[in-house]
Amino acid sequence: VKLLEKLFDLTRPLFEGRGPLRALRPLSQAAEAFFLGSAEKAEAAPFARDPLDSKRFMMMVIIALCPALCASVYFFGLRVLAMMAVSYMAGGVVEVAFALLRKKDIHEGFFVTGFLFPLVLPPTTPLWMVAVGVIFGVLVGKEVFGGTGRNLFNPVLVGRTFLAVAYPKALTTGYVIPGDGWFGRLDQYVSLANVDVLTGATPLAMARQGEYASLWDMFVGSIAGSAGETSALALLLGGVFLCLTRVANYRNVAGILGSVFVLSAALHLADPARFGPPWWHLMAGGLFIGAFFMATDPVTSPLTNGGKWVYGILIGALVVVIRHFSGYVEGVMFAILLGNLASPLIDEAFIQLRIRRLQLER
Amino acid sequence: MKLRGGYNIRLAGRPAGRIEDLPEPSALLLPQRSRRLRFTQLLVKNGQRVRAGEALALAPEQFALPLLAPRSGTVRLRAQRGHVVLEDLAQEPPHLPPEPPAGGEVNPRRQWLIDLGAWPFLHDAHSDAVPDPQRPARAAIVATTHLEPFAVRGDVQLRESLEEFLRGLELLASLVEETVFVAVPRSGSELAARLRQGLAGKERIRAVEIPLRYPLDHFNVLARALGLRAERSRSVWGLRTEGVLAIDQALTLRRPVVDRVVSVGGSGVTQPVHLRAPRGYPVEAMLAGRLLDRPVRVIDGGILNGEAVGPRLLGLGVESTGLTVLLEPAGRELFGFVRTGLDRISYSRCFLSVFRGKYVEPMTTAVRGEHRPCIACGFCEELCPAGIMPHLIHKLAYQDALEEIDRCGSLLCVGCGLCTYVCPSKLELRREILAANETIVRDLHAEAPEQTEEAPA
C-alpha cells in the first residue's frame, strides 16, 4: 500500500496542472481510486460520512450477477467469457474516451453495463457484434445524455435493441441447446461453426406453437435463451441479494413480477389453451434478469416510491401485452425501455403530489 | 404524532454517563460570537476588575442579550482576537443585577432570564433564532434528549437533577400561553419511567414520546409533528434539558447561569466524557490529556452540523454544547471497496457489519469515496426528517431553478446533515440546500418579507 501511495504521489505532478500527461488525468485518477480509494476529507458538516460509495454500490450488482454468469458459462460454454471480455474492452474504450474528452472522472457505472450486456445476448452472437452493440449502448444510451446518472434509457437495453433491429437474424436464431451432465459446456467454445449445438427456438418461441418447456428446466436454466437470462434460480439468488442489500428497490421488482403474474393468470383462466400458465411466464425469457437487474437501475427508474410501483406495474403489463398480442415473442426489452421513457412522467406526477402535501403542511 | 426519517448512526465515542468537574482555570477566553449571538458592544474597559455575573458585552442585534463574566477577574480586551479574556480569577459571590421593574417592556421574569444568562438557551422552534423577549410564547417544546453525535446528553443531566428539571418545567409553563411539550425518548430505561411519572398529572405540561433517531429531537421537526404552525404574533420556544435547568437556576436560585455541562466525545478522544465548565474555559485545557496521539479534527458541536474549530475559537462559547473530536484518516486502504466491511457501519446493507449487532464504528473525517453524479438511490429522501427530496433539490440547484427549489419545500430543511452523511455519490447536499435557501430568502422573499417560512401558509 505504501509503495502504491508513493507511486501515485510521484506520478501525480505528471497529470496535474500543466504536467505533460494532463490529458490522461482521468485515467490516473481512476486507477488511484480503484486501488486506494478517495483521500478526501470532509471540510464541512457533516464531518463523518457513510462508508458506502459508488464503487461499492456497483460492486454489489456485479456480485449479484455472478451466479447468473456461472450458470451461463455452465450451460453455454466459455464463449460467454470471451463475449464479456469484448464487451468490457469496447465499452471501456468509449467510457474512457468520453471521460478524457470531458476531463471528468471515469465513472464506475460502466462496470455493470459491460457485465450485463453479454448476458442478454444469444450465446453465439459474433464478437464484433457484441462490440458494436455495447459501443452503441454506451454512446447513445448514456454518454450523449451526459454520462452516468443523467441517462434516460438503460444503456444495456439500448445496445441490445440496436442489435435486435440491425441484425435481427443473428439475434433470433443464435440460440444454443444448453449443456448438461457434470460439466455442461464448460469445456466448449460454441460458435456458429459447431452446428450440432444449435437450435432455433427459445421456450417463448415454442410456446407460440403450444409447446411449453418444463418448469423445472426453466427454473434451473436448462433451456435455450440469451446467455445469462435462462437460469431463473441463479437470477433469483442474485436478485434477492440485491433487494436485501437495498441496492435494488423491491418495489420495482414486485411491481413487475406481480403484474405479470396477475395478468398472465387472468389470461390463462380466460383461455388456458391459448395462454400459458402464470408461473411459466414468470420464469420465461428475460423477465427475471430484466426485473431484477435492469428495471431496478435507479437512474432510469422513477425516484419516488409510488412511482416505482407504477413503473413496475406498467412494465409488467407491457410485457404481457407484447408477449401475447404482438409479433414479438419476448417483450421485456421493449417494455423496460418504454418504462424508462415513462419514468420522468410518472415521477413528475408523484413529485407534484408530494409538493402539494408539503405545502399543506407548511 | 407523525415523525418521519431519522437515523441513529452508531459511532464510537459516545460520552460516558457521568459529569466530571474541571479544575478552576487560570484564565477564561470568552468568544464574542457563537452560533446565533454576536457580542459586539463591549461594556468594560481593558484592565477593569469585574465580578462574576456582571455583563461584559451586549449582543445588540440579538435583543441586547448580555455576555456574563463567569468568574470575577480582570478584563483583557486585546489579548486574543474575537475574545474577551478574564485573568486573575477569584471565587467571589456573584453580582446580582437589579430587580427588573414590574411595568417594563419585558415581563420581569423574562428579564431575569436575560440578565442571568438563561435566555440564550431558548430557540425559536421554527427558525432556530433567538426568540424575541417581547413576543408572547404560545408553547414550548422541551427535548430531553440530544441525539446528535456527540452533543451533551440529556439523560446524564437529568439523572443528577430531575427534581430541578421538573421545577424548571413548571416555571416554563408559567411563561408560555398554552402548553409545554416534553419530548421523552421511547425507551424503557428507569430514568425515562421516572421522568414520565414526574410529568404525569401536571397541568399544561404534556409528555410526547419520540423514537431514538437523530434528528427527531429537532425543535422544528417536533413543532411540525405537533401541528404547531409558525404565527406572526406568537412564537414557539424550543429548549433542551440544560435550558430548563437554566430557567430553574435563574428563577428559583437567582444565580447567573455561567457554568454548563458540555460533552467531549468522538473517535479522537481517549475517554469520552461530560464536563462541567464555566463558559470561556480554554479549549486547549479542556482537551489536554484526552486526545489520542494522532492527527485529529476538533468540532464545536456535533458531527453532523457542528463547525470545525479553527484558530478562531479558543474558549468554550456561550452556546457550545460540547466538542467532538474526530480522527483524521490515517493512510489508505488497498482495494477498500471490496473489503467485507465487517467493521463498517452503513445505512445501506452493503457491508457484512449488518450481521454484527451492537458494533460501533470509530469514524474519521474521510469522505470515503469519490464525488459522482446522483444515482437516485433515494437514501437521502428516506432519511429526511423534513420530508423534502434532497436529490431533487440537487438536480434543480444544478439548473439554478430557485423558484422550483422553493416550491419543493427546501425551506423546510432543518440542516440535520443526514442526506449528506449517507449519499453514496458524496454530494454536498446539506451545503447546497442551505446555500439555496439563503438565496431564496434573500432574493425571492425579499419583496414580501411577511411570506418567509415563519409565516403561516
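At-a-glance table
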read-out	value
Overall dimensions of the range B:103-165 as given by Cα atoms, namely Rg and Dmax in Å	14.0, 44
C-alpha center-to-center spacing [the range B:1-57, the range A:69-115] in angstrom	56
Degrees between helix A:109-119 axis and first principal axis of chain A (Cα, 0 to 90, nearest 10)	20
Residue order, fewest to most surrounding Cβ atoms within 10 angstrom, among A:His268, B:His218	A:His268, B:His218
Per-bin percent of Cα-Cα distances, chain A [10 Å]	5, 22, 31, 23, 12, 5, 1, 0
Given charges at beta-carbon only (K, R positive; D, E negative), |dipole| of the protein assembly as shown in Debye	460
With eigenvalues of the C-alpha gyration tensor scaled by 5 and rooted, the range B:204-323, Å	30, 19, 14
Sum of side-chain charges, B:Pro136 neighbourhood, beta-carbon under 9 Å (Lys, Arg +1; Asp, Glu -1)	+2
Centre separation in Å (Cα based) which lies between the range B:79-154 and the range A:290-350	57
Chain lengthening between B:Ala193 and B:Leu253 when straightened (0.36 nm per residue, less Cα-Cα)	18.9 nm
Separation of alpha-carbon centers, the range A:119-194 and the range B:338-395, rounded to whole Å	33
Under 14 Å from the A:Val93 label point (7 Å along Cα→beta-carbon), backbone N, the range A:139-161	A:139
Footprinting exposure proxy for B:Ile375, A:Ile135, B:Ile303 (fewest neighbouring C-beta atoms within 10 Å first)	A:Ile135, B:Ile375, B:Ile303
DSSP H segments from chain B that extend 24 Å or more along their own axis, Cα-based, with Kyte-Doolittle mean of -0.5 or above	B:154-175
Net charge of neighbours whose Cβ lies under 15 Å from the Cβ of B:Tyr281, counting Lys and Arg as +1 and Asp and Glu as -1	-3
Violating pairs (Cα-Cα greater than 28 angstrom) within the set A:Lys6/A:Lys142; A:Lys2/A:Lys142; A:Lys41/A:Lys103; A:Lys6/A:Lys104; B:Lys202/B:Lys358; A:Lys55/A:Lys142	A:Lys6/A:Lys142; A:Lys2/A:Lys142; B:Lys202/B:Lys358
Three principal axis lengths of the range A:21-168 [C-alpha, angstrom, descending]	54, 32, 30
Shielding score for B:352-363, defined as the mean number of other chain Cβ atoms within 10 Å	1
Cysteines not pairable in chain B (beta carbon separation under 4.7 Å absent)	B:Cys350, B:Cys374, B:Cys377, B:Cys384, B:Cys408, B:Cys413, B:Cys416, B:Cys423
Kirkwood Rh and Cα Rg combined as Rg/Rh, the protein assembly as shown	1.06
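Just so you know, all these numbers are worked out from the coordinates, no wet-lab data involved. None of the values given here were measured: they were computed from a predicted structure. So basically every Cβ, Gly included, is an ideal-geometry build from the backbone, and we count neighbours across all protein chains shown.
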